Amino acid sequence: MNELVQAPGAYDPKAVEAKWRERWEESRTNATDLDHPGKPYFNLMMFPYPSAEGLHVGNVFAFVGVDIHGRTRRLQGFDVFEPLGFDAFGIHSENYALKVNTHPGQLIPQNIRRFREQLKRVGLMIDWDHELSTTDPAYYKWTQWIFLQLFKAGLAVKKSAPVNWCPECKTVLANEQVIDGFCERHPDVKVHQRFLEQWFFAITKYAARLLENLETLDWSDSTRLMQTNWIGASKGADLEFPTPTGDPIRVFTTRPDTVFGATWVVLAPEHPMVESLTAAEQRADVEAYRRQTAEMDIVSRKVGDKEKTGVFTGSYARNPATGEDIPIWVADYVLMEYGTGAIMAVPAHDERDFEFATKFDLPIVKVVEPNERGPDGEPLALPNTTWEGTLVNSGQFDGMSAGEAVTAITEWLESIGGGAARTQYRLHDWCISRQRYWGPPIPIIYCDKCGTVPVPEEDLPVVLPETDDFRPDESGVSPLARLDSWYHVPCPKCGTTARRETDVSDTFLDSSWYFLRYPSTDYSDRAFDPELTKKWLPVSQYIGGNEHAVLHLMYSRFITMALHDLELLPFEEPYRSFKAHGTIVRDGAKMSKSRGNVVIPDEYIDRWGADTFRMYLMFLGPYQEGGDFRDEGIAGIRRFLDKVWTAVSAAPANAAPLAPTVQRKLHQTVGKVTDDTEGLRYNTAISALMEYLNTLRSEGGASAEALNPLLIMLAPFAPHMAEECWERLGHGESIFDATWPAYDEALAREDEIELVVQVNGRVRGRVTATRDITEDDARALALGDETVKKHVDGKEIRKVIFVPGRLINIVVG
RNA sequence: GCCCGGGUGGCGGAACGGGUAGACGCAAGGGACUUAAAAUCCCUUGGGGUGCAAACCCCGUGUGGGUUCGAAUCCCACCCCGGGCACCA
């Protein structure tokens with residue numbers, strides 16, 4: 001990179017940016033009057049985790065894109081509220097603290113200070129009066145309060161769930177810490193499954209609503225689709241298979257039409273009926289198998305391509321359709337947490353069942369004849385999972401199409417035994433318990449007499465006790481359990497000595513409601529003020545990374561819905577609009593510390609200025625797709641800003657009306673930039689601004705009249721520089737109190753167009769014509785062109801296609 | 001395996017519901033200014049060919065087919081890259 005030499009009077013970003021940072025702060029330009037908004041607009045960006053490495057270029061890319069949107073909205077007359085906070089609890093911070101052997105309570109404030117300073121240099125329109133941190137007791141008091149509201153509503157329940165357990169670390173591992181079934185830290189120690197009592201939020205109760213509402217939301221399609229897949233609705237039916245114990249086995253199936261082909265039943269190893277259905281002579285085998293399953297970690301348990309295993313229980317269930325007795329097996333390819341934990345096996349029409357039948361030599365009965373045939377007309381090989389087929393071997397249903405049979409068979413089974421149509425969701429309840437230190441303690445007390453007692457609201461927050469002893473230990477419970485004085489408390493109900501819940505809650509709970517808190521950060525006596533909430537929420541526009549498309553967005557939607565049902569919020573969806581931004585790579589490769597190709601924002605801001613850096617990030621590609629950062633390119637943006645600066649410095653004082661060509665280009669630019677910023681296509685908006693400036697320059701200079709609208713449209717991208725230029729053109733107010741230029745289509749229209757002439761679809765000439773030229777005139781004009789003549793002469797004109805204002809295509813043959 | 005994106009010059013990327021492929025920028029080459037360089041300004045720049053020239057012709061948007069007067073854009077098959085899900089019955 002070349003050192004930039006400053007000529008006197010040249011654009012000096014350092015000075016300009018320092019001046020306006022100070023000025024904005026003094027005049028409180030970025031503070032929003034929350035109590036009296038005219039047109040409130042809540043512009044939300046995903047708050048960052050304040051890592052020790054400092055602000056990442058990915059953060060800057062994300063925030064700048066949101067900021068441009070917010071600043072544009074402000075120029076368009078909205079009262080924009082653009083707050084920011086820090087998502088500072090969680091295992092990420094804790095692990096780092098453990099690594100550098102410093103208390104997270106000490107590290108986090110340092111990191112936040114550094115982040116705040118870095119963020120201020122980027123020139124974001126943040127209203128810092130409403131900053132928050134999830135680690136602040138004044139914040140997590142309300143995180144705990146939300147837990148209590150859900151607890152009271154029966155939406156927070158304690159249940160046993162499998163976790164990954166490393167016998168060497170003697171601790172719970174996250175799925176990511178399990179590598180091919182082994183512990184990340186102990187590569188020769190196998191991780192196995194263990195059951196722990198944990199707190200869950202009953203998000204599955206909301207599955208149908210979370211899914212339905214998706215259709216009404218203005219969200220990126222990709223995000224909606226990911227949420228849809230995550231919720232994973234499957235239409236089907238519960239069917240009952242009677243057993244000798246008197247209790248039937250309930251199975252869930254999406255293919256009730258194939259019930260006549262069910263030749264055995266499978267229970268998950270954890271299924272409660274395994275015990276009573278295991279015959280004496282099979283007991284040893286079944287128990288061994290269940291032990292073997294329990295020794296697996298929960299990741300490899302679910303890997304689909306491993307060989308099927310299973311064991312016969314020795315008992316039989318009756319197929320309700322055929323009346324035949326079929327064997328009951330136990331196999332780990334059936335999962336307890338999905339459906340009913342039991343399935344009917346239809347090997348002819350399910351690949352997994354087919355594989356199992358082949359291995360254990362179980363009968364295969366074809367019940368659907370596919371419409372499709374093989375190349376020689378012979379039937380397709382089994383298994384075949386198609387819906388396009390006709391029932392066979394299915395008694396009175398023979399000949400019916402598979403699709404019709406779904407309802408017919410479900411209804412028939414319902415009338416003669418057990419059967420009911422049902423939609424099953426893949427979504428699981430949300431486990432919020434973490435056996436860790438760095439999070440908000442779950443506000444629950446266990447009393448031997450009174451049982452599970454919620455901490456009374458007036459006792460909130462349950463402050464996370466300060467202790468140097470925060471390392472996870474071999475007990476597998478949270479370090480908080482070791483703090484005797486904290487752990488033992490009087491029961492809020494009966495006063496006898498009781499014990500606190502020692503788990504802390506999931507970071508996703510902290511971030512599931514932070515947007516509700518922003519407007520109300522001044523209130524210490526309520527989570528969110530009803531008046532302010534009514535004025536400012538739901539969020540007008542939310543922009544963030546697609547890495548949070550599933551969990552964070554799903555959880556915050558759920559919490560909002562639950563609070564709505566508790567009549568604490570007047571709306572049930574938190575974000576009117578959500579758009580996902582893309583990711584930035586460098587020189588075509590992912591950025592990573594190990595590759596050493598990470599862009600450090602401070603270095604670029606020092607060298608080029610924040611405005612150039614912001615604008616370059618936006619110029620790399622469509623905001624929603626991301627882009628490829630290359631050091632060579634940034635100079636182009638700086639050159640553009642230099643040219644704007646020069647044009648402003650040279651602008652004549654007395655205003656002349658705009659030349660027609662300039663006026664036309666101006667309106668075309670306003671139209672394009674307005675559209676493009678609306679659609680977050682910042683890259684093409686910038687190129688339109690460049691084209692406009694190029695036009696001004698080729699017209700031999702620019703008046704203030706021509707530059708004012710350019711500066712306003714440039715201001716969201718390069719706020720400091722635009723402010724300075726605005727002031728230099730004699731404006732007293734901040735440019736952000738100016739009004740976005742109006743687009744006039746009539747003024748943007750070109751009178752003369754270049755009409756493309758094609759012969760047989762190939763361009764053979766271009767003629768200038770008026771915009772509204774008729775087909776006859778166009779045809780005459782086209783046939784007058786020498787080159788066109790050459791291609792047409794001596795041939796018969798078969799057809800002429802005329803696209804008004806665009807082209808004429810002469811088809812000859 | 002399944003579900004989404006995406007493959008366009010030397011590079012990042014443009015191209016409204018099928019209608020001038022390569023906007024804008026980077027890099028490169030040439031020129032002006034300068035003692036010189038930087039900066040700045042002007043010109044050229046997808047590949048190939050014909051012509052002294054003005055011009056003109058052919059090829060070209062991952063690959064192979066198709067639909068159409070006309071395809072980067074629509075359809076079918078396939079290859080590659082990125083992301084998500086993954087024994088979900």
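Under 5 Å from the amide H of A:Ile444 lie the amide H atoms of A:Val455, A:Glu501, each residue being 5 or more positions distant or on a separate chain, with H modelled from the backbone and absent for Pro and chain starts.
Here the alpha carbons of the range A:396-497 define both size measures, Rg and Dmax, at 25.5, 73 Å. Annotation: for a label point projected 7 angstrom from Cα along Cα→Cβ of A:Glu351, residues of the range A:381-410 with backbone N closer than 16 Å are A:381-387. Please identify the GluC sites (Glu not before Pro) of the range A:705-813 that satisfy two criteria: DSSP loop assignment and at most 13 other Cβ atoms within 10 Å. Which are they? Those satisfying the criteria are A:Glu733, A:Glu750, A:Glu796. For the range A:214-283, the alpha-carbon radius of gyration amounts to 1.69 times the rule-of-thumb value 2.2 N^0.38 Å expected for a compact globular protein. Take A:26-39, A:204-217 and order them by the average number of nearby Cβ atoms within 10 Å per residue, most first; the result is A:204-217, A:26-39. The residues of chain A expose on average 45 square angstrom of accessible surface per residue, using a 1.4 Å probe on protein heavy atoms. Between amide H atoms placed 1.01 Å from N, distances below 5 Å from A:Arg586 occur with A:Met591, A:Phe629, all of them 5 or more places distant or on a separate chain. Carbon-plus-sulfur accessible fraction, chain A (probe radius 1.4 Å, protein heavy atoms only): 49%. Quick check: from the Cα gyration tensor, does the range A:556-655 come out rounded (a/c under 1.5), prolate or oblate? The shape class here is oblate. Remark: the A:Lys302-A:Val477 segment gains 60.4 nm on full extension, using 0.36 nm per residue and subtracting the alpha carbon distance. Close amide H partners of A:Phe86, meaning residues 5 or more places away or on another chain with modelled amide H under 5 Å apart, are A:Leu132, A:Ser133, A:Thr134. When shorter helices are ignored and each DSSP H run of at least 4 residues is given -39500 (n - 2.57), the per-residue value for chain A at 222 nm works out to -10500 deg cm²/dmol.
The modelled label-to-label distance for the pair A:Arg250/A:Asp525, using points 7 Å beyond Cα in the direction of Cβ, is 4.8 nm. Annotation for A:Cys431 and A:His36: the two label points, set 7 Å from Cα along the Cα-Cβ direction, are 5.3 nm apart. Within the straight-line cut-off of under 17 Å between alpha carbons, the lysines reachable from A:Lys799 are A:Lys789, sequence neighbours fewer than 8 places apart in one chain being disregarded.
Contact order for chain A, expressed relative to its length and based on alpha carbon pairs under 8 Å spaced 6+ residues apart, stands at 14 percent. The length gained on full extension between A:His186 and A:Glu750, counted as 0.36 nm times the residue separation minus their Cα-Cα distance, comes to 195.9 nm.
Simple spin-label estimate for A:Thr358 and A:Thr661 gives 7.4 nm between the two label positions (7 Å along the Cα-to-Cβ direction from each Cα). Partner aspartates and glutamates whose Cα lies under 13 Å from the Cα of A:Lys205, excluding those fewer than 8 positions away in the same chain, are identified as A:Asp429, A:Asp565. By the rule of a C-alpha distance below 28 Å, with chain neighbours fewer than 8 residues away ignored, the lysines paired with A:Lys493 are A:Lys141, A:Lys152, A:Lys158, A:Lys159, A:Lys449. Here are some pairs, A:Lys190/A:Lys359; A:Lys306/A:Lys593; A:Lys120/A:Lys672; A:Lys14/A:Lys39; A:Lys19/A:Lys590; A:Lys643/A:Lys672; which of them have Cα atoms lying more than 24 Å apart in this structure? From the list (A:Lys190/A:Lys359; A:Lys306/A:Lys593; A:Lys120/A:Lys672; A:Lys14/A:Lys39; A:Lys19/A:Lys590; A:Lys643/A:Lys672), the Cα-Cα distance tops 24 Å for A:Lys190/A:Lys359; A:Lys306/A:Lys593; A:Lys120/A:Lys672; A:Lys14/A:Lys39; A:Lys19/A:Lys590. Just need log10 I(q)/I(0) for the range A:599-713 at q = 0.16 Å⁻¹, Debye formula, equal scatterers on the alpha-carbon atoms, no solvent, rounded to two decimals. Log-scaled intensity ratios, in q order: -0.78.
Taken over the Cα atoms of the range A:78-236, the convex hull encloses 227 Å³ per residue.
Rounded if a/c is under 1.5, else prolate if a/b beats b/c, else oblate: with a ≥ b ≥ c from the C-alpha gyration tensor eigenvalues square-rooted, which is the range A:476-614? Taking the square roots of the gyration eigenvalues as a ≥ b ≥ c, the range A:476-614 is oblate.
For the range A:724-813, trypsin sites (Lys or Arg not before Pro) are listed when DSSP marks them as loop and at most 13 other Cβ atoms sit within 10 Å of their Cβ; the list is A:Arg749, A:Arg771, A:Lys795, A:Arg806. Counting every pair of alpha carbons in chain A, the share spaced more than 42 Å apart comes to 50 percent.
The values are calculated or read from the model by the stated rules, or taken from the named source; none is laboratory data. Everything numeric in this text was worked out from a predicted model, so none of it was measured. A quick note on method: Cβ atoms are made from the backbone with ideal geometry, for glycine too, and the neighbour counts reach across all protein chains shown. Heavy atoms of the whole protein, side chains included, go into the accessibility calculation; ligands, DNA and RNA do not. Shrake-Rupley method; radii C 1.70, N 1.55, O 1.52, S 1.80 Å.
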